[in-house]
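**Student:** One structure, as structure tokens, below. Some questions next.
The values are calculated or read from the model by the stated rules, or taken from the named source; none is laboratory data. These figures come from a predicted structure and were not determined experimentally. All Cβ positions, glycine included, derive from the backbone under ideal geometry; neighbour counts span all protein chains shown.
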Amino acid sequence: MTLKYPVNLDEMKNINGVGESKAKKYGCDFVKLIKEYVTDNNILRSDEYIVKSTGSKSTLKLYLIQSIDRKLPLPDIAFAKGMSMKSLLKEAETIVYSGTKLNIDYWIDEIFDEDQQEELHNYFLDSETDDVNIALSKFEGEFDEDEIRLYRLKFLSEVAN
């Protein structure tokens, strides 16, 4: 934002890490302040051109989203891209934090029973943080790190976006 100075919601949505939902939820206040700042300080904005590229990261993200939409097993998705589950979860977290929802219910149902899902859901709903390490210590070995991160993805996709 400090480089592009978005002065409307459409420009705000193009900022890395700000998806459509975040722009709608928080954007108006930011856009108003930025517009005032740009005007008050006679800042020239570089909005004459936009350079877009599709790198390997974009291709990977698209592959992950499409594979999850097709309800492929997450370990199979990771294997197909030569990734570990930790790497796949990290990429999925990046996707979710940018505002894209991922419906991984099909995989959550494979990993967790209903009681476990309810327990994890209530934990994240009541918790003041989504820190994995704090959750790990709370559950004292009941779940491993990947399981906590996996459920957190589901929770963030449903509740936070």
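**Student:** Within the range 26-34, does at least one residue satisfy the condition of being of a type in the set (Phe, Trp, Tyr), part of a loop (DSSP other than H, G, I, E, B) and modelled with pLDDT under 85?
**Tutor:** No; the residues of the range 26-34 include none that is of a type in the set (Phe, Trp, Tyr), part of a loop (DSSP other than H, G, I, E, B) and modelled with pLDDT under 85.
**Student:** Quick one: which residue in 111, 148 is out of contact with any strand residue (DSSP E or B) (no Cβ under 8 Å at 6 or more places or on another chain), β-branched (Val, Ile, Thr), more than 30 Å from residue 26 (Cβ to Cβ) and touching a residue at least 12 places away in the same chain (Cβ under 8 Å)?
**Tutor:** Testing whether each residue is out of contact with any strand residue (DSSP E or B) (no Cβ under 8 Å at 6 or more places or on another chain), β-branched (Val, Ile, Thr), more than 30 Å from residue 26 (Cβ to Cβ) and touching a residue at least 12 places away in the same chain (Cβ under 8 Å) leaves just 111.
**Student:** Let me ask something else about it. Just to be sure I understand the filter: pairs with C-beta atoms under 7 Å, separated by 6 or more residues or on different chains, first member in the range 71-95 and assigned by TED's automatic domain parsing to the domain that holds residue 106, second member acidic (Asp, Glu). Which pairs pass?
**Tutor:** 85/146; 86/146; 89/146
**Student:** If you check 37, 5, 26, which single one turns out to be touching a residue at least 40 places away in the same chain (Cβ under 8 Å) and of a type in the set (Phe, Trp, Tyr)?
**Tutor:** Answer to the check: 5.
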